[in-house]
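**Q** First the structure, then my questions, so here it is.
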Amino acid sequence: MIKKKKTKINFIFLILITIISMFPIAVMVSFSFRSRATVFSSIFFPVSPTIENYMSIFKNKLLMKYLFNSFSLATFVTLLSITLGTTTGYGLSRYKFKGQKALLILLFSTQMAPPVFIATGLFKLIIRLGLYNNLLSLILINTAGTLPFAIWMMKGYFDGIPKSIDEAAMIDGCSCWKAYLKIIIPVSTPGILAIGIYSFLMGWSEYLYATIFMVGNDKNMVTTGIVHLLGRFIIQWGLVMAYAIIISAPILILFVVLQRYFVSGLTGGAVKG
Amino acid sequence: MFTLLLKKRRKKISSGYLFIVPGVAFVLFLTIYPLVNAIKMSFFNLSSGNNIFVGFLNYQKAFQDQTMWLSMAHSFYFTIFSVSLHFLFGLGLALLLNSVKEYKGSSICRGLLFLPWLFSSAVWCVTWQLILHPQFSILNEIFNVFGLKGLNWISADSLLPLTSLSIVNGWKFFPFHMIMYFAVLQSIPKELYEAASIDGASGNQKFFYITLPSLYHTIAIVLTIDTIGTFHYFDLIWILTQGGPMNRTEVLSTYIYRKVFTLGNFGYGSAMSVILIVILIAFITLYIKILLKGEFEG
């Protein structure tokens, strides 16, 4: 009986903390519905709420272009990470060689390299290759950032698929590539979804490299774009917050639909031990 | 027969390389190349347009640079404060979620608590800019309602701005810890607790002898990844304060960024990045040790 009462108190406490943790998000939502005239006339609830901010964003060609830029970046990063992550992960899972462990550790350590350092070291090369102000630069750098995790994750996933399945396929006359594409990939969908979501999220959140390699009014990503909105002389908070919600929507929708893969992808690597 | 076997084996290995090489080469090129290049640049004076070899001059300059030391101290303060917040809230909430998992609403709470992690740094910081703004801070408005005096959260000439930034960072990244620890807690077999209860263990004993030991490995991994990530974290500070006011929130990554990308001082910036890397390598070595330990035990 006492235990039940205690968990009830815990639950109420949990709800309370959840509500408090939603504070910044509540600010975002509340301000997105305020017109320029009423923006600071109340704290919590907007006075005479309006959707004019959302409408003006949908009509604003530049802000929509940023959405397109970020969408292209995130999509290409996702596709590249999945393609290279699965093949490399499969190779590392099925073919063992000397020094493999060292290679895996080296690969994983690269993820810890500070982005400001990578950007410094790559800047001149990017210019020389003519990739400055070219989305390809961001695609390549971001994929290099997400790939170690994708490889690590897929290797772990393939390790869990018995080798006898590939062997059976090869006895039936499949080449190893065919066995890989026709048999192994289809049964690995959950792992692929997990690394796909992760890569998309990383591409969508890209900020630092974008401030360096994508300069020009129509070259912004959604992240650099929304920060630019803050740089105006008079900040239109209603517009900024509405844009914040619009550019967060794709990720939030992904999260709601694919929450299971999201969490398993995130925790899969570390919890095994 | 033997040659056939050898041929087959060779074929197997070469197709293995075909699988492995593209991805590995991709990552290594885009990380090793900048590493080597930055180390090379750190020995040159590149700000004047022509490359002049200057030996260790950039490093000497860095060690005499007051702002560099200040930034480094700030990086440590920001990291220790933020990571402590992530850990305490992450672990606390994971335990809380685990204790009420039979309630239907608890998974909704878990989903909502996870939200801050999903927002991009840009969106998160823009929102906090509104909450902590020097002229019209929402937080100060709320303080006023309760009759409290507002503060200059990100514009005071004290340690307050850096503290505010640590809290904003703590608020964004605690869900990562929470979700990791929660996953472990769920994987602990119930029988362990039941057996302990039969043996007469108290709640505290169960926590210290069952719950905490199962978490150790994950805590170690998550803390190391988080420490490294937070130590070179850039977006949040750059968007909220750009290192200001008067270097009060300058950390190593923002200082390097300013030197390299606003002042064009590649040589000096590279030298400082090398110093940053050396600090991080210490953390990374620790991380690798933990990972290897887990693999041998697991």
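**Q** Condition check: closer than 26 Å to A:ILE197 by Cβ, under 23 Å from the mean Cα position of the chain (by Cα) and more than 10 Å from chain B (Cβ to nearest Cβ). Does A:SER137 satisfy that?
**A** Here the answer is yes, as A:SER137 does meet what is asked.
**Q** I've got another one for you. Any residue that is assigned to a loop (DSSP other than H, G, I, E, B), more than 18 Å from B:GLY229 (Cβ to Cβ), without any contact (Cβ under 8 Å) to a residue 60 or more places away in the chain and small (Gly, Ala, Ser) - is there at least one of those in segment B:84-95?
**A** Scanning segment B:84-95, I find no residue that is assigned to a loop (DSSP other than H, G, I, E, B), more than 18 Å from B:GLY229 (Cβ to Cβ), without any contact (Cβ under 8 Å) to a residue 60 or more places away in the chain and small (Gly, Ala, Ser), so the answer is no.
**Q** When segment B:228-250 is examined, which residues are found to be surrounded by fewer than 21 Cβ atoms within 10 Å (Cβ to Cβ), on the phi < 0 side of the Ramachandran plot and more than 8 Å from every other protein chain (Cβ to nearest Cβ)?
**A** Listed by number, the residues that qualify are B:GLY244, B:PRO245, B:ARG248.
**Q** Restricting to segment A:160-210, what's the tally of residues that are of a type in the set (D, E, K, R) and more than 12 Å from every other protein chain (Cβ to nearest Cβ)?
**A** So the answer is 3.
**Q** Go through (1) over 30 Å from B:GLY16 (Cα atoms); (2) at the interface with chain B (Cβ under 8 Å from one of its Cβ atoms); (3) of a type in the set (Ser, Thr, Tyr) for A:THR267 and report which single condition fails.
**A** Every listed condition holds for A:THR267 apart from (1).
**Q** Determine whether segment A:6-27 contains at least one residue that is under 32 Å from the mean Cα position of the chain (by Cα), surrounded by 14 or more Cβ atoms within 10 Å (Cβ to Cβ) and touching a residue at least 40 places away in the same chain (Cβ under 8 Å).
**A** Looking through segment A:6-27, at least one residue is under 32 Å from the mean Cα position of the chain (by Cα), surrounded by 14 or more Cβ atoms within 10 Å (Cβ to Cβ) and touching a residue at least 40 places away in the same chain (Cβ under 8 Å).
**Q** If I ask for residues that are in contact (Cβ under 8 Å) with a residue 12 or more places away in the chain, facing chain A (nearest Cβ under 9 Å) and of a type in the set (S, T, N, Q), which ones from segment B:117-171 would you list?
**A** Those that are in contact (Cβ under 8 Å) with a residue 12 or more places away in the chain, facing chain A (nearest Cβ under 9 Å) and of a type in the set (S, T, N, Q): B:SER121, B:GLN129.
**Q** Also, I was wondering about something else. Can you name the helices (runs of 4 or more DSSP H) wholly within segment A:7-122 that have at least 2 residues being closer than 28 Å to B:PHE19 by Cα and within 12 Å of another protein chain (Cβ to nearest Cβ)?
**A** Output list reads A:61-94, A:100-110.
For (1) over 25 Å from A:VAL263 (Cα atoms); (2) in contact (Cβ under 8 Å) with a residue 40 or more places away in the chain; (3) in contact with a helix residue (DSSP H, G or I) (Cβ under 6 Å, 6 or more places away or on another chain), each residue gets a yes or a no:
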residue	(1), (2), (3)
A:LYS182	yes, no, no
A:ILE185	no, yes, no
A:LEU208	yes, yes, yes
A:MET214	yes, yes, no
A:LYS219	yes, yes, no
A:THR223	no, yes, yes
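**Q** Somewhere in segment B:211-233, is a residue aromatic (Phe, Trp, Tyr), without any contact (Cβ under 8 Å) to a residue 24 or more places away in the chain and closer than 12 Å to B:PHE78 by Cα?
**A** No, segment B:211-233 contains no residue that is aromatic (Phe, Trp, Tyr), without any contact (Cβ under 8 Å) to a residue 24 or more places away in the chain and closer than 12 Å to B:PHE78 by Cα.
**Q** Any residue that is more than 9 Å from chain A (Cβ to nearest Cβ), more than 24 Å from A:GLN259 (Cβ to Cβ) and β-branched (Val, Ile, Thr) - is there at least one of those in segment B:186-196?
**A** no
**Q** Can you tell me which condition B:MET178 does not meet? The list is (1) surrounded by fewer than 21 Cβ atoms within 10 Å (Cβ to Cβ); (2) among the hydrophobic types (A, V, I, L, M, F, W, C); (3) in contact with a Gly (Cβ under 9 Å, 6 or more places away or on another chain), and all the others hold.
**A** Single failed check for B:MET178: (1).
**Q** Taking the residues in segment B:73-110 that are closer than 30 Å to B:GLY269 by Cβ and crowded, with 21+ Cβ neighbours inside 10 Å as candidates, determine which candidate is nearest to the other protein chains (Cβ to nearest Cβ).
**A** For segment B:73-110, the residue satisfying everything is B:SER75.
**Q** Moving to a separate point now. Scan segment B:83-101 and tell me whether some residue there is β-branched (Val, Ile, Thr) and at pLDDT below 95.
**A** yes
**Q** What number of residues in segment B:251-280 are part of a loop (DSSP other than H, G, I, E, B) and either crowded, with 24+ Cβ neighbours inside 10 Å or facing chain A (nearest Cβ under 8 Å) (or both)?
**A** 1
**Q** Suppose we keep only residues that are of a type outside the set (Phe, Trp, Tyr), in a helix (DSSP H, G or I) and in contact with a helix residue (DSSP H, G or I) (Cβ under 8 Å, 6 or more places away or on another chain) within segment B:41-72. Which one would you say is nearest to the other protein chains (Cβ to nearest Cβ)?
**A** The residue in question is B:MET41.
**Q** A further question follows. Going through A:ALA113, A:ALA37 one at a time, which residue ends up being among the small types (Gly, Ala, Ser), at negative phi and exposed (fewer than 15 other Cβ atoms within 10 Å of the Cβ)?
**A** After applying the criteria, what remains is A:ALA37.
**Q** Kindly evaluate A:MET170 against the criterion of being crowded, with 20+ Cβ neighbours inside 10 Å and not basic (Lys, Arg).
**A** Values: crowded, with 20+ Cβ neighbours inside 10 Å: no; not basic (Lys, Arg): yes.
Considered against the rule, which asks whether it is crowded, with 20+ Cβ neighbours inside 10 Å and not basic (Lys, Arg), A:MET170 comes out as no.
**Q** Given the conditions (1) at pLDDT below 90; (2) surrounded by 14 or more Cβ atoms within 10 Å (Cβ to Cβ), which single one is not true for B:LEU5?
**A** B:LEU5 satisfies all of (1) at pLDDT below 90; (2) surrounded by 14 or more Cβ atoms within 10 Å (Cβ to Cβ) except (2).
**Q** Quick one: is A:ILE2 surrounded by fewer than 18 Cβ atoms within 10 Å (Cβ to Cβ), modelled with pLDDT of 85 or more and farther than 20 Å from A:TYR54 by Cα?
**A** Spelling it out, it is not the case that A:ILE2 is surrounded by fewer than 18 Cβ atoms within 10 Å (Cβ to Cβ), modelled with pLDDT of 85 or more and farther than 20 Å from A:TYR54 by Cα.
The values are calculated or read from the model by the stated rules, or taken from the named source; none is laboratory data. Worth saying up front: this structure is predicted, and the values here are computed from it rather than measured. Note that each Cβ is placed from the backbone with ideal geometry, even for glycine, and that neighbours are counted across all protein chains shown.
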